[in-house]
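Down below is the structure, laid out as structure tokens.
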Amino acid sequence: MATDSERNERMEKIVSLCKRKGFIFQSAEIYGGLNGCWDYGPLGAELKRNLRNYWWQKNVTERDDIVGLDGSILNHQDMLKASGHVGGFSDPMVDCRTCKARFRADQLGEAKCGEKPSKSPLENGCDLTEPREFNLMFQTWMGASRDETSVAYLRPETAQSIFVQFKNVCDQTGERVKIPFGIAQIGKAFRNEINPRNFTFRSREFEQMEIEYFCRAQDGLRLTDEWLETRIRFYEAIGIPRDKLHILDVPDGERAHYSSKTYDIEYDFPFGVQELEGVAYRTDHDLKAHSEAVGKPQEYIDQAAGEKFIPHVVEPSAGCDRTVLAILCEAYDEETITDEKGKEETRTVMRFDPKMAPIKCAVFPLLKNKPELVEQAKAIKAQLQPLMNVTYDETGAVGRRYRRQDEIGTPFCVTVDFDTIGENGPDLEGTVTVRERDSMAQERVKITELAGYLAERLR
Ligand code: GAP
């Protein structure tokens, strides 16, 4: 069992690797940083895209009962009044009269005092005000005038645009959507968190991957349990083992106001066990609220049964950035290996599931000053490029190049050597060395069979 300081050290190494290798940068870092906002660098952008694509493939493309939506980020104020966000989407906040810092009243134990960051406000005996509610939404104004009628909000969750487009989707998709069915969306959400923390875990701008799965009232609880299992299998498929996931059956009194059953799927991050996704049974709360607000029932019409009703909904709502962070934390590994000269060294390796790996294959010529090797390696890279994300590297010893690829989690490295170009005889001509990241095992593969060989192992 790792100690707290080992876990902290591990997290520091992950954060440092993310910056050093171009996964994640602090937003506007050269201006001192924009707290709670992050930019994904070249490798982070690929990793995040792999996750989004896989989520969409599994939840929309491969299913007959879920369709997609891409709603606007700016939300109508009346829509968020009806959903309860304008009046009630808040956290309790306290101020310290001495250090002037602001804290979430329910997270004082984990907060850091403004004057003594080694202590929490409770340990430091901060002089705190009474808690008051702080609305988490970012407000803005649409158009040229700034008055009450022009107020709009950056959406605090992607869910509401699904609810308010429910009737349009039903009307336009006709036969395709018959209850139970879902509407899925991936997109940005914004919350003015009082204390953003734990790297990207609690951010002010983040991405959600949400499904609103509409059903009959009598099926709501059963479908909530089924979705929980489906979602756990998803995490396993992207490389997060079941034994690192914890299921919290959120007790009465701690669930969101709209939910009569919620499971939180939590991951064992180095900074503690924390929520990745909520699977909530939202009943008919949202569609009812919007029906009342607009004075038109947001109903589902079952033509065959001659019925009209407001459906209930089960919502698996995952955080894209939190899942990326869990993938990074899970992948990070260090091991001691002995090099060719018998010297021990530490190998840092990101053991990404191949589906998630930002770069799938790196191609090297053994030497960069031998034109035949360079030409062949570049030709292989060009051949693989339409099929997968592939990179080319010719700098330094091959062992060093392997280490660089291990650190960014590239599952395969392909080396073009003298055998490849027939300089050692005809036996191995037209073959390359393929080295696998985790086992470091090497195999000789014919160039003509390389694309198929990699595709099979990357699946
Ligand atoms: N539509 C339901 C909803 O938004 P939530 O539990 O508030 O429920 C769902 O958010 C998921 O969104 C969370 O499980 C988490 O993964 C992600 N999330 C929420 N707030 C976040 C934040 N400040 N930073 C990063 N991710 C966040």
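The values are calculated or read from the model by the stated rules, or taken from the named source; none is laboratory data. Remember, predicted model here, so these are calculated numbers, not experimental data. When we count neighbours, we look across all protein chains shown, and the Cβ atoms used for this are built from the backbone with ideal geometry, even at glycine. Just so you know, the surface numbers come from the protein's heavy atoms only, side chains and all, with ligands and any DNA or RNA stripped out. Shrake-Rupley method; radii C 1.70, N 1.55, O 1.52, S 1.80 Å.
Taking the criterion of being part of a helix (DSSP H, G or I), hydrophobic (A, V, I, L, M, F, W, C), surrounded by 13 or more Cβ atoms within 10 Å (Cβ to Cβ) and more than 16 Å from the ligand (Cβ to nearest atom), the residues of the range 16-46 that qualify are 17, 43, 45. Count of the range 236-251 residues, restricted to those that are in contact with a Ser or Thr (Cβ under 9 Å, 6 or more places away or on another chain) and loosely packed, with under 15 Cβ neighbours inside 10 Å, is 2. Summed over the range 266-300, the residues that are part of a helix (DSSP H, G or I) and not acidic (Asp, Glu) give a count of 8. Of all residue pairs spaced 6 or more apart or on separate chains, those with beta-carbon atoms under 8 Å, a first member in the range 84-100 that is free of Cβ contacts under 8 Å to residues at least 12 places away in the same chain and a second member that is open to solvent by 20 Å² or more (accessible area, probe 1.4 Å) and outside any loop (DSSP other than H, G, I, E, B) are 87/81. Filtering the range 200-230 down to residues that are part of a helix (DSSP H, G or I) and small (Gly, Ala, Ser), which residue is farthest from the ligand (Cβ to nearest atom)? If we take residues in the range 200-230 being part of a helix (DSSP H, G or I) and small (Gly, Ala, Ser), then 217 is farthest from the ligand (Cβ to nearest atom).
Of all residues in the range 145-172, those satisfying the criterion of being farther than 22 Å from residue 288 by Cα and assigned to a helix (DSSP H, G or I) are 148, 149, 150.
The set of residues from the range 33-44 being free of Cβ contacts under 8 Å to residues at least 40 places away in the same chain and farther than 17 Å from residue 16 by Cα comprises just one member, 34.
When the range 174-188 is filtered for residues that are more than 13 Å from the ligand (Cβ to nearest atom) and of a type outside the set (A, V, I, L, M), the ones remaining, listed by number, are 174, 175, 176, 178, 180, 181, 182.
Could you list, in sequence order, all residues of the range 302-335 that are under 30 Å from the mean Cα position of the chain (by Cα), more than 16 Å from the ligand (Cβ to nearest atom) and not in a helix (DSSP H, G or I)? Residues satisfying the conditions are 311, 332, 333, 334, 335. Only one of the numbered conditions (1) surrounded by 14 or more Cβ atoms within 10 Å (Cβ to Cβ); (2) under 27 Å from residue 349 (Cα atoms); (3) away from the ligand (no atom under 16 Å from the Cβ) is not met by residue 12, and that is (1). Being surrounded by fewer than 18 Cβ atoms within 10 Å (Cβ to Cβ), among the acidic types (Asp, Glu) and either at pLDDT 95 or above or more than 15 Å from the ligand (Cβ to nearest atom) (or both) is the requirement here; does residue 284 meet it? Judged against the criteria, residue 284 is not a match. Would you confirm, using the coordinates I've provided, whether residue 299 is touching a Lys or Arg at 6+ places or on another chain (Cβ under 7 Å), among the charged types (D, E, K, R), closer than 27 Å to residue 78 by Cα and more than 14 Å from the ligand (Cβ to nearest atom)? Against the criterion (touching a Lys or Arg at 6+ places or on another chain (Cβ under 7 Å), among the charged types (D, E, K, R), closer than 27 Å to residue 78 by Cα and more than 14 Å from the ligand (Cβ to nearest atom)), residue 299 qualifies. Candidates 191, 233, 197: the one that is modelled with pLDDT of 95 or more, within 13 Å of the ligand (Cβ to nearest atom) and either open to solvent by 10 Å² or more (accessible area, probe 1.4 Å) or in the same structural domain as residue 152 (by TED's automatic domain parsing) (or both) is 191.
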